[in-house]
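Comments concern the structure below.
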Amino acid sequence: MLLAALSSATAVAQRPIDVTHYDARVVPDLAAKTVSGSVVVTLRVDVPALAALELDTGALTIDAVRLRSASLAHSVADKKLHITLPRPARAGDTFTITIDYHGAPKFGLEFRPDRSEIYTIFSTSQWMPAIDAPGDRASLDLRVTLPAGLAAVGNGRLVSRTRTGDGRETLHWRQRRPLPSYLYGFAAGRYREVREQRGGISLRHLATSFDEKQLQQIFADTSDMLRFFARRAGVRYPDERYTQALVAQTIGQELGGFALMSEDYGREVLDDARASGLIAHEIAHQWWGNGVTCDDWGHFWLNEGFANYMTAAYFEQRYGRDEYDRRIERWRKRVDELKAAGKDHALVYAQWNKPTADDRAVVYQKGAYVLHLLRERVGDAAFWKGIRGYTRKHFGKAVTTVDFQRAMERASGEDLDDFFARWVYAASH
Ligand SMILES: [Zn+2]
């Protein structure tokens, strides 16, 4: 009963609008560390009547909002752009709104003029107004104007590179498959570029500080990882290309069709091939996170616990059971520490606004540990069958934990209410 109540409270949410496409023009100024731009947002109304709408807009300054050529009344408060429509729109209406903006983002966009480098760090709404909610997917045309001649990566396919006549060029990427906006981004710099064609996927490795041989060594397991996760997911890798770039500094991040990691991390992998866990983690996100996405951050463990767990599963097949067990043991210890400190809580966690290190440990490490416990509970065959069923059914969609529980119950033929009540919806005890 408890779970039934929770289930209905945590199903995938209906939102007032669904953005279907962003057409963005972004012009960063590397030296000044500022950005200006314009984004055309195509959206559909999903409620009976809509008088106003809201987009996330970080600390950007909004210069104008237009519906066709008409200016729209708007205001910004609490990092949200509130737009009033001239008259209420009705369910099913689709229209486009154009937003002009500028700003000097403190987050979300990393300017490194010393290295002629620029890259995004999550938080898309810090450099382009957008819906942050991970449950809203849209396709994207992204045009970024940069100093000419840089190597670069963005979402989807590079459609064109056009000189602007002032020493700059505009790179236009098109991402057709709809993605949540937090997976939008780009990186550009004076990168060396290594290309490989493996298993029908074009791989690119980009970095400033490594030679070709080193890049090949750092990313040597990429295609093996892609193959492994595709098999575990029961879903092919959804893109024609996968790019990895080692940028000046980042904690490691997955984006649609590519990943950014730091140069320091690249050095670690050169020293020890088994440091490739982060490479695997970001690749796993292309299925769990990017493909099957938590509907809101309260179910973030479905992204991060999964990416961590799948990394352990990859290491199990790559290096043997000991590597897997070592990871499980680390997570188990962390969960014990959380419990001892009174910091443990449910995996499904509504207050994911300002997460502490302990909150992150719950989502990333306890989340992965609970997947291990679930595999022990239902057995290998049912576990992987359930993972495949869940991933296939929800690929390209938003999910909540209820969707995962149902898939595992279908695959195992077991009622898992007790397991989920104990490990997912409550602090462990
Ligand atoms: Zn992750």
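The values are calculated or read from the model by the stated rules, or taken from the named source; none is laboratory data. Everything quoted here is computed from the prediction, not taken from an experiment. Glycine gets a Cβ as well: all are built from the backbone with ideal geometry, and neighbour counts include every protein chain shown. Protein only, heavy atoms only, side chains kept; ligands, DNA and RNA dropped before computing areas. Shrake-Rupley method; radii C 1.70, N 1.55, O 1.52, S 1.80 Å.
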Given the criterion touching a Gly at 6+ places or on another chain (Cβ under 6 Å), under 29 Å from S276 (Cα atoms) and open to solvent by less than 70 Å² (accessible area, probe 1.4 Å), identify the matching residue among G396, G367. G367
Condition first: open to solvent by less than 10 Å² (accessible area, probe 1.4 Å) and within 10 Å of the ligand (Cβ to nearest atom). Now tell me which residues in segment 259-289 satisfy that. A259, E282, A284, H285, W288, G289
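Residues are listed down the side, and each one gets a yes or a no for (1) open to solvent by less than 60 Å² (accessible area, probe 1.4 Å); (2) in contact with a Pro (Cβ under 9 Å, 6 or more places away or on another chain):
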{"position": "V76", "(1), (2)": "no, no"}
{"position": "G103", "(1), (2)": "yes, no"}
{"position": "A130", "(1), (2)": "yes, no"}
{"position": "G135", "(1), (2)": "yes, yes"}
{"position": "L140", "(1), (2)": "yes, yes"}
{"position": "N155", "(1), (2)": "yes, no"}
{"position": "V159", "(1), (2)": "yes, no"}
{"position": "G165", "(1), (2)": "no, no"}
{"position": "W173", "(1), (2)": "yes, no"}
In segment 239-258, which residue that is within 16 Å of the ligand (Cβ to nearest atom) and polar (S, T, N, Q) is modelled with the highest pLDDT? Q244
Whichever residue in segment 321-365 is small (G, A, S) and touching a helix residue (DSSP H, G or I) at 6+ places or on another chain (Cβ under 9 Å) and, among such residues, is farthest from T401 (Cα to Cα): A341
Give, as residue ranges, the helices (runs of 4 or more DSSP H) completely inside segment 330-425 that count at least 2 residues that are among the β-branched types (V, I, T). 367-378, 380-394, 401-412
Determine if segment 372-380 includes at least one residue that is without any contact (Cβ under 8 Å) to a residue 24 or more places away in the chain, within 24 Å of G291 (Cβ to Cβ) and surrounded by fewer than 16 Cβ atoms within 10 Å (Cβ to Cβ). yes
Assuming R227 fulfils every condition listed in (1) in a loop (DSSP other than H, G, I, E, B); (2) open to solvent by 30 Å² or more (accessible area, probe 1.4 Å); (3) in contact (Cβ under 8 Å) with a residue 12 or more places away in the chain; (4) not small (G, A, S) apart from one, which condition is it? (1)
Grab the strands (runs of 3 or more DSSP E) fully contained in segment 89-181, keeping just those with 2 or more residues being of a type in the set (S, T, N, Q). 94-103, 137-147, 157-163, 168-180
When you scan segment 232-243, do you find a residue that is among the β-branched types (V, I, T), over 26 Å from V402 (Cα atoms) and crowded, with 20+ Cβ neighbours inside 10 Å, even just one? yes
Might you check whether a residue that is within 16 Å of the ligand (Cβ to nearest atom) and aromatic (F, W, Y) occurs anywhere in segment 216-227? no
Can E304 be described as within 30 Å of A426 (Cα to Cα) and within 11 Å of the ligand (Cβ to nearest atom)? yes
Check on G298, within 22 Å of V362 (Cα to Cα), more than 11 Å from the ligand (Cβ to nearest atom), at pLDDT below 95 and surrounded by fewer than 21 Cβ atoms within 10 Å (Cβ to Cβ): yes
Residues being without any contact (Cβ under 8 Å) to a residue 60 or more places away in the chain and open to solvent by less than 60 Å² (accessible area, probe 1.4 Å) - total across segment 60-74: 5
Every listed condition ((1) within 16 Å of the ligand (Cβ to nearest atom); (2) modelled with pLDDT of 95 or more; (3) open to solvent by less than 30 Å² (accessible area, probe 1.4 Å)) holds for E323 save (1)
Kindly evaluate D418 against the criterion of being more than 28 Å from R15 (Cα to Cα) and loosely packed, with under 15 Cβ neighbours inside 10 Å. yes
